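Enquirer: Sending over a structure as structure tokens; questions will come in a sec.
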Amino acid sequence: MAEPSETPQNSEPKIKVALITGITGQDGSYLTEFLLSKGYEVHGLIRRSSNFNTQRINHIYIDPHNANKARMKLHYADLTDASSLRRWIDTIAPDEVYNLAAQSHVAVSFEIPDYTADVVATGTLRLLEAVRSHIAETGRTHIKYYQAGSSEMFGSTPPPQAEDTPFHPRSPYAVAKCAAHWYTVNYREAYGIFACNGILFNHESPRRGENFVTRKITRAVGRIKIGLQSKLFLGNLQASRDWGFAGDYVEAMWMMLQQEKPDDYVVATEESHSVEEFLEAAFGYVGLNWRDHVVIDKRYFRPSEVDNLKGDASKAKKVLGWKPKVGFQQLVKMMVDEDVETAKREKVLVDAGYMDAQQQP
């Protein structure tokens, strides 16, 4: 009997199988779309919740009873539960594993540092160990592993930041991501696993969570433009970030796993813009002045700030042949357009008495 990865003679080429943690997140949804377009079968691990949190992938979900069409399947698991990770890796027998799951909010990591470390750092170790032991028992040495790194690992190290730039993390989230990065390197070197770290700089989209500053801004722009909100409360406007489009960045993840040898790559636009510049672009796009609406609230300042992140993605360009397609202005417009439409739909509900617009100042 052939191994799952092998193609028996006189048969159709085997469909590649991918396993994604964090499939319900921004990156997970874009990566799923991308892999499905490449003909993959995609399995996603999701946490149990009393509220459905699958809205980012609902448009591509097909009931598993429709077996001929359902190439994306969801399974309950958690990065804090090693037994569930091992069980699903054994059951699914993936060709590629993408570890995107995390408590991914930097500011929140100061509030729940223990949980952040358990999921982001030790969760990565649990998944790597599940992959290692699966390979050891089955001999499926072709499995490839992608670890979602973060530019936050560089922290206070001055830009531009490349693969060999020293890490100086400035939050519990960033420290945990550094641990995950080195666990991945260690399992690559110690056990010969094809494991890659993608050090992705900030990547945004209309699917970004609403408590991340970019989406918080564009969501407010839509509501203010439509008349549902008047004020936007923010923290440090001088922080600069290298912002790209998440849809572009998931392609780089896949490209890393198609190389002959595993390695680590910075993925970035190589441009840096401040939060204030993002405000100028977003409010200006709809003919508003951000200064008329933005209020600085000290609660949004972090105990230790990261001033400037700007990536050097020359290695990804040279080795992977990757480069971003969506620029800063285009990204801002894409997000604002979507959130203006969302605000219009919201206003219909407000006018009909189904929502209270006064929930926002």
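Enquirer: Can you pull out the residues in region 151-166 that are free of Cβ contacts under 8 Å to residues at least 60 places away in the same chain, of a type outside the set (A, V, I, L, M) and either out of contact with any Ser or Thr (no Cβ under 8 Å at 6 or more places or on another chain) or open to solvent by 50 Å² or more (accessible area, probe 1.4 Å) (or both)?
Expert: Hits for region 151-166 are ASP164, PRO166.
Enquirer: Does ASP297 count as free of Cβ contacts under 8 Å to residues at least 40 places away in the same chain, surrounded by fewer than 15 Cβ atoms within 10 Å (Cβ to Cβ), farther than 30 Å from GLU251 by Cα and acidic (Asp, Glu)?
Expert: no
Enquirer: Just need a number here: residues in region 299-343 that are among the hydrophobic types (A, V, I, L, M, F, W, C) and assigned to a helix (DSSP H, G or I).
Expert: Of the residues in that region, 11 qualify.
Enquirer: So, of the residues in region 167-205 that are of a type in the set (A, V, I, L, M) and in contact with a strand residue (DSSP E or B) (Cβ under 8 Å, 6 or more places away or on another chain), which turns out to be surrounded by the fewest Cβ atoms within 10 Å (Cβ to Cβ)? Quick ask: steps written out before the conclusion?
Expert: Within region 167-205, the subset of a type in the set (A, V, I, L, M) is 174-176, 179-180, 185, 190, 193, 195, 199-200.
If we keep only those that are in contact with a strand residue (DSSP E or B) (Cβ under 8 Å, 6 or more places away or on another chain) too, we end up with 174, 180, 185, 193, 195, 199-200.
Details: ALA174: 23, ALA180: 28, VAL185: 16, ILE193: 21, ALA195: 28, ILE199: 27, LEU200: 24.
Here the answer is VAL185.
Enquirer: Would you confirm whether or not region 276-292 contains a residue that is more than 30 Å from LYS344 (Cα to Cα) and surrounded by fewer than 16 Cβ atoms within 10 Å (Cβ to Cβ)?
Expert: Step one: of region 276-292, the residues more than 30 Å from LYS344 (Cα to Cα) are none.
No: region 276-292 contains no residue that is more than 30 Å from LYS344 (Cα to Cα) and surrounded by fewer than 16 Cβ atoms within 10 Å (Cβ to Cβ).
Enquirer: Since PRO64 meets every condition but one in (1) farther than 29 Å from TYR300 by Cα; (2) within 18 Å of the chain's Cα centre (by Cα), which condition does it not meet?
Expert: It is condition (2) that PRO64 fails.
Enquirer: Here's something else I'd like to know. Of everything in region 62-83 that's free of Cβ contacts under 8 Å to residues at least 24 places away in the same chain and of a type in the set (S, T, N, Q), which residue is nearest to VAL119 (Cα to Cα)?
Expert: Residue satisfying both the conditions and the ranking: SER83.
Enquirer: Moving on. Output the residues belonging to region 206-226 that are part of a loop (DSSP other than H, G, I, E, B) and open to solvent by 20 Å² or more (accessible area, probe 1.4 Å). Steps first, please.
Expert: So in region 206-226, the residues part of a loop (DSSP other than H, G, I, E, B) come out as 206-212.
Those that are part of a loop (DSSP other than H, G, I, E, B) and open to solvent by 20 Å² or more (accessible area, probe 1.4 Å): PRO206, ARG207, ARG208, GLU210, ASN211, PHE212.
Enquirer: Also: Restricting to region 344-355, and then to whatever is part of a helix (DSSP H, G or I) and not hydrophobic (A, V, I, L, M, F, W, C), can you tell me which residue is most open to solvent (accessible area, probe 1.4 Å)? Quick ask: steps written out before the conclusion?
Expert: Filtering region 344-355 down to residues part of a helix (DSSP H, G or I) leaves 344-351.
Then keep just the ones that are not hydrophobic (A, V, I, L, M, F, W, C); that gives 344-347, 351.
Details: LYS344: 96, ARG345: 136, GLU346: 22, LYS347: 68, ASP351: 109 Å².
Looking at the filtered set, the residue picked out is ARG345.
Enquirer: Taking region 103-134, which residues are open to solvent by 40 Å² or more (accessible area, probe 1.4 Å) and not in a helix (DSSP H, G or I)?
Expert: Answer for region 103-134, where residues must be open to solvent by 40 Å² or more (accessible area, probe 1.4 Å) and not in a helix (DSSP H, G or I): SER104, ILE112.
Enquirer: Moving to a separate point now. Could you please find all residues in region 308-340 being farther than 26 Å from LEU279 by Cα and polar (S, T, N, Q)? Quick ask: steps written out before the conclusion?
Expert: Step one: filter region 308-340 for residues farther than 26 Å from LEU279 by Cα, giving 314-322.
Residue satisfying the conditions is SER314 alone.
Enquirer: Of a type in the set (Phe, Trp, Tyr), surrounded by fewer than 22 Cβ atoms within 10 Å (Cβ to Cβ) and in a helix (DSSP H, G or I) - does that describe any residue in region 227-248?
Expert: No, region 227-248 contains no residue that is of a type in the set (Phe, Trp, Tyr), surrounded by fewer than 22 Cβ atoms within 10 Å (Cβ to Cβ) and in a helix (DSSP H, G or I).
The values are calculated or read from the model by the stated rules, or taken from the named source; none is laboratory data. Everything quoted here is computed from the prediction, not taken from an experiment. Cβ coordinates were reconstructed from backbone atoms using ideal geometry, including for glycine residues, and neighbour counts include every protein chain displayed. SASA here: full protein model, heavy atoms, side chains in, ligands and nucleic acids out. Shrake-Rupley method; radii C 1.70, N 1.55, O 1.52, S 1.80 Å.
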